Every structure is written in structure tokens, then in C-alpha cells.
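Written out below as C-alpha cells is the structure these notes cover.
Read-outs throughout are calculated quantities, based only on the coordinates presented, and are distinct from any laboratory measurement. Since the structure is predicted, the reported quantities are computational estimates derived from the model, not experimental observations. Using ideal geometry, Cβ is built from the backbone for each residue, glycine included, and neighbour counts are taken over all protein chains shown.
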Amino acid sequence: MSKAAKITLSLLITVLIIMIASIAYITKKNEQYRLASDKCWAYIDNGLYDKAVEYINLAGNKENQLIYDCLGEAYYNLGNLQLALYNFKKAEELQDNIFTAYYSPSLNIHIYSRIAEIMHQKGYYDDAIRYYHKALKEMMNNRKVRARYKADYVNMLREIAKIYDEKGDKEKAKEYYDKADRLANKFKLIKD
């Protein structure tokens, strides 16, 4: 083997070792985030929203979509829409993490729908509609969650219709109400 080939092979092996070590580190770090997120959600599931916020803030590094999503949910339930929106937006910024997508394929749907709800409550109707559409698109694109979200899909269409109604666009409102009703009948859902 030539000297150049040996150097190339040595460099390739070094790069491979660095890549493997990096993947192992990232995997371990993401597992820590998932565990912290699970504990945060356990607090939320028990109505202990302040405890969820306290736990995450004490945990330190929050630069993960799972963590920001959980914090957003805690603040949302505490009625602090500004901090909820901030955390959901941070979660949205960090959404391209392959490990997060693996752990929770419905995470982006939750983030988008919560941002839409907050925007609607704050009167930012066009932003709310845009985020509802992002959530609907995620539902359609993700086979793992598509069947689970039939009722949510219909309800989001109704929320969009309600927003158009509030904006005074009765024609668009009717279009979305009709679409929601057609799907509800197709899915055999009871209208709420």
C-alpha cells in the first residue's frame, strides 16, 4: 500500500471514530432529555405545573425540543401565554432533531397546535390559521399518527372555521365548517 493510501486510510478511520463517538454522545444526551421530559410531563399529568417548571429550570441545559415543549405546556396550563408561546417557539426552532422525531412523532403536531391556540387567543388570526395548517400537514404526512388524529384533524378544521368567522369571512368559515362536517361523517365522528 502506498504512503498516500495509508494516510488516506488513517484519516478515514479517524473520521469514522470521531463520528461514532459523536453519535454515541448525542444519543446519550437525547436520552437524558427524553427522561427529563418524561418527568416534566408526569408533573403536568398530575396538574403540578409549577413543579414541572421548577424541575426543568433546576435541570439546567434546556436546548432540546422535548424540554421546551414540556415547559410550554406547563406555562400554558398556568395561564402564562407569553412564556408558553416563547417555549413552544423555541421547541419549533429545534424541531429538526432526528432523535426527537424518533421518540415522539406527534411532537410537532402538539407544538404547532398549541402555538395556533395561543395565537388565536391573542387575536393573531392569520398566524393561528398558518399554525393550524402546519399541524394538519404534519398529521397527513405522518403515518404513525394519522389514524390517531382523525378527531383532532376535524376539530382543527372547525377552529380554522371559527377564526374565519371571527374575522368576518363567512364564506371561508362555511368552507371549513363544511369540510370538517364531511370528514366527521366520513370518520363517523360525533360532532361536538
>> Output wanted: per-residue J couplings in Hz (rounded whole) for region 34-46, from phi through Karplus 6.51 cos²θ - 1.76 cosθ + 1.60, θ = phi - 60°, x for Gly and Pro.
In response: 4, 5, 5, 5, 4, 5, 4, 5, 4, 4, 4, 4, 9
>> If I model a spin label as a point 7 Å beyond the Cα along the Cα-Cβ vector, how far apart are those points for Lys150 and Ala5 in nm?
In response: 6.2 nm
>> Could you check the spin-label model distance between Gln32 and Asp178? Points 7 Å from the Cα along Cα→Cβ, value in nm.
In response: 5.5 nm
> Taking N as the number of residues in region 3-187, what is its Cα Rg relative to 2.2 N^0.38 Å?
Replying inline: 1.30
>> List the pairs from Lys62/Lys137; Lys167/Lys188; Lys137/Lys179; Lys134/Lys162 whose alpha-carbon separation is above 19 Å, in the order I gave them.
In response: Lys62/Lys137; Lys167/Lys188
> How far, in nm, would the chain grow between Lys186 and Asp165 when pulled straight, counting 0.36 nm per residue and subtracting the alpha carbon separation?
Replying inline: 5.2 nm
>> On a full-extension model of 0.36 nm per residue, what is the gain between Asn46 and Lys137, subtracting their alpha-carbon distance, rounded to one decimal in nm?
In response: 29.7 nm
